[in-house]
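Read the structure below first, then the notes.
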Amino acid sequence: MGESGQAGNQDPKEPTLHQRIQGDIENKIVSGEWPVGFRIPFEIDLAKQYGVSRMTVNKVLTQLARAGLIDRIKRSGSFVSQPHTQSAVLEIGDIRSEVESLKLAYDFRVIERIKHRASPADRLRLEVPASASVMDVTCLHRAGGKPFCLEERLISLDTVPEAEDALFTEITPGQWLLRQVPWSSAEHRIHASAADAATAASLGVEVGTACLVIERRTWSNSGPVTQVKLTYPGDRHALTATFAPSS
C-alpha cells in the first residue's frame, strides 16, 4: 500500500503520516478553524484524504480523544471538545505543588545542564544579544513514579550569573529562580503539540502523542531571566484559572 511504502522511505526528520494527520487536526482545533462542537470528518473521509488506512486514522482520533481535544460519540462521529484551558494562566506555578495536590509522590531529576554562548535560536527565545552567556537545563518531573512534565529551560547568565554554580539537585530550576530573582513581568504561550521522538522517550509515551505545552518567558528589572518550555502528556494535565470581573 502507499501508506507502507511512504513509511519505508520516510526521512527520519520528516513527520510520519500519523504525526502529520494528528498535527493537522490539532492545528485546526487550536487555531479555532474547527470550533467547539465542530464535527471532525469521518474516518473514511480522512483515510481517503491522506491516503492511509482507517486503522491509522482511528489511532489518531483515539489519541486526540485521550488528550481531551475531541469527543467521540458512538454512531454520531467525533466532535471538537470544550478545551481544558478555561483562560490564560496568570501565575508562575510550582510543579511540585501541582503533583502534591494530586496526592502523589513528587520527584525530579536533571537530565542536562549546559553553559554556552547564546545561539541564534537562543537569542530569539530569550531576547538576548549575540554575546550573551546562557545555560540550558532539562529536567524530568515525576508524579507517583511516572513522568509528569518535561522541563526545557534557558537561563540568562548575564542577568542571573549565580545560576552558573547552581546544580539544581535539591530544588528545581524554576523554584531556585523565584527565590533568587524578583521577576517584574512574564509572558505565557499555551498550545498543543505532538511529541517528537526525544520528548516521547522522556515522557514515556508514543511518538505523536498529543501534549499540552506551556512556554513562558520572565523578565526582571535587570533584563530577561529565563524562557521555559513545559511539556505535559495531554491526558495527564489540565489548566484552570480563577478570575473575577474587573471593577
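Values in this text are rule-based calculations from the coordinates and carry no lab data. All of these numbers come straight from a predicted model, not from anything done at the bench. Glycine gets a Cβ as well: all are built from the backbone with ideal geometry, and neighbour counts include every protein chain shown.
Taking every alpha-carbon pair in the chain and binning the separations at 10 Å intervals from zero gives 7, 27, 31, 23, 11, 2, 0 percent. Counting Lys and Arg as +1 and Asp and Glu as -1, each charge on the Cβ, what is the dipole of segment 140-201 about the Cα centre in debye, to the nearest 20? Once rounded to the nearest 20, the dipole reads 380 debye. Here the relative contact order of the chain, from alpha carbon pairs under 8 Å that lie six or more residues apart, stands at 18 percent. In terms of packing, defined here as the mean over residues of other Cβ atoms within 10 angstrom, the peptides 116-124, 39-47, 61-69 line up highest first as 61-69, 39-47, 116-124. Loop-resident GluC sites (Glu not before Pro) (DSSP state other than H, G, I, E or B) in segment 118-223 with no more than 10 further Cβ atoms inside 10 Å of their Cβ: E170. Cross-linked pairs K28/K48; K59/K103; K103/K229; K28/K115: Cα-Cα separations exceed 29 Å for K59/K103; K28/K115. Amide H to amide H under 5 Å from A143: which residues, 5+ apart in sequence or cross-chain, H placed 1.01 Å off N in plane? Result for A143 returns F148. For a straight C-alpha distance cut-off of 15 angstrom, the aspartates and glutamates reachable from K74 (same-chain residues fewer than eight places away being disregarded) are E43. In plain terms, the residue of D165, D94, D158 with the fewest other Cβ atoms within 10 Å comes first and the most crowded comes last, giving D165, D94, D158.
According to the Kirkwood relation over distinct C-alpha pairs, the hydrodynamic radius of segment 138-194 is 13.4 Å. Computed about the Cα centre, the dipole magnitude for the chain is approximately 680 debye when only Lys and Arg (+1) and Asp and Glu (-1) carry charge, each at its Cβ. Normalised by residue number, the volume inside the convex hull of the Cα atoms of segment 95-236 is 110 Å³ per residue.
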